[in-house]
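What follows is calculated from the coordinates using simple rules that are stated; it is not laboratory data. All values reported here derive from a predicted model rather than from experimental measurement. Neighbour counts are summed over all protein chains in view; Cβ atoms, including those assigned to glycine, are modelled from backbone coordinates with ideal geometry.
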Amino acid sequence: MKVFHCDHCGQLVFFENTVCLNCGHVLAYLPDLGDISALEQIEGGLWKSQPRDGQERTWRLCLNYSQQNVCNWAVAEDDPNSLCVSCRLTRVIPNLSPPGSKLAWQRLETAKRRLIFTLLDMHLPLTDKNNSPEHGVAFEFLADGDRGGQPVLSGHENGVITINIAEADDAERERRRSDLQEPYRTLIGHFRHEIGHYYWDRLIQDTDQFDGFRSLFGDERADYAQALAVHYANGAPGDWQTRFISAYASSHPWEDWAETWAHYLHMADALQMAFYSGVSLRPKDQAEPTVSQKTLKEGDAGSFDRMIEAWFPLTYIINNFNRGLGVPDGYPFVLSTSVIAKLRFVHDLIAAAREDQNKLSSTSIPPA
Ligand SMILES: [Zn+2]
Ligand SMILES: [Zn+2]
Ligand SMILES: [Zn+2]
């Protein structure tokens, strides 16, 4: 995530803010520009953003912003869709009658927008299932009982990501985390995990990445249902920490992949924030690992070695801030050598996908 400012008065603002608390302007995230802007209302339900490069642009607020208050993104005036690029990917919203479900929906969309920001920022292919039934992605937010009395399992199938809205209830999610003895369970973590399954389909299945994948993660043809049943019955192997990022990752190569992918997105997001915030750690001597603007900048430009170099000191900072505030460690993980090799595979795959996307978009622009 990046650092944002109100472009009317310069006040620091969060990605989620809808109003600048300093100058009072309505704020919206403009996905086309990758930035937050202060808006001024003009006629016909339209809004004008602050001029950029001498250009003024006109927007509508996403329908989920203007009517539901669960979004803060804008839609370019000439885009026929009434929903923003994030909200339009949700094809089933929760039933809003039960108390608390509107709040759950808002929390889900808020976490999802952070995911979509990262995917767009990484130039990963992201297709709407409405436009591309075969390769697209769609989200469904369901409660237990919505589908004929059955419990709703969060998961991914053929581009459809289902999230049980109970996960948006802090007490319920914490209960599940504690029951499953997980050190970390968050909404954004769920989104990053499930989208990992989607990108496995898009970036590994039917590509020449299979051999590389199997040599690191194992053979995904192992019976999935049986592997999960064994995992829930027996738990993870005693030495899982030397090979996997989480206990759950040890259940099946697909889950190892999704857990590793999610972890890579956690890292990329936090490192980007550290870079844009100007974070650095004072080293005791030159040989000590440190997080510096130089390593962060090189990591942001795509060097996995620089990312890893900056990562350990950054997590030291994160966890020490949390300990000082009396809350649990924000980063309760240990990276083994074999997990680092898997993360490098994810990094290289994303870099290659970005290159392909950039080639595609540069060839689709007609010559001047
Ligand atoms: Zn302002
Ligand atoms: Zn929206
Ligand atoms: Zn999974």
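Couple of notes before you dig in:
- The stretch 13-79 shape via C-alpha gyration tensor axes, a/c threshold 1.5: rounded
- What the phi angles of the stretch 138-144 give under the Karplus curve with 6.51, -1.76 and 1.60, with θ = phi - 60°, is a coupling list of 8, 10, 10, 9, 10, 10, 3 Hz, glycine and proline written as x.
- Gaussian network model of the chain, Cα within-10 Å springs - most flexible of ALA233, ALA76, ALA258: ALA233
- Normalised contact order of the stretch 133-204, rounded percent, pairs of Cα under 8 Å and 6 or more residues apart: 28
- Placing a pseudo-label 7 Å from each Cα along the Cα-to-Cβ vector at VAL19 and ALA76 gives an inter-label distance of 3.0 nm.
- Given charges at Cβ of Lys, Arg, Asp, Glu: the stretch 72-225 dipole, positive-most of ASN130, ILE195, ALA104: ALA104
- Computed over the stretch 280-368: relative contact order in percent, which uses C-alpha pairs under 8 Å that are six or more apart: 18
- Net dipole in debye of the stretch 1-99 [+1 Lys, Arg Cβ; -1 Asp, Glu Cβ; about Cα centre; nearest 20]: 320
- Ranking LEU271, LEU142, ALA74 by how far each Cα lies toward the positive end of the dipole of the chain (charges on Cβ) leaves LEU271 at the top.
- The stretch 160-301, dipole about Cα centre (Lys/Arg Cβ +1, Asp/Glu Cβ -1), debye to the nearest 20: 460
- Axial C-alpha extent at least 20 Å, average Kyte-Doolittle at least 0.0 - helices from the chain (DSSP): 304-325
- The chain: projected area of the alpha-carbon convex hull, averaged over directions, in nm²: 22.0
- Rough spin-label spacing in nm, given labels placed 7 Å along Cα→Cβ, for ARG354 and GLN68: 3.1
- Protection proxy ranking, peptides 19-30, 260-271, average beta carbon neighbours within 10 Å, highest first: 260-271, 19-30
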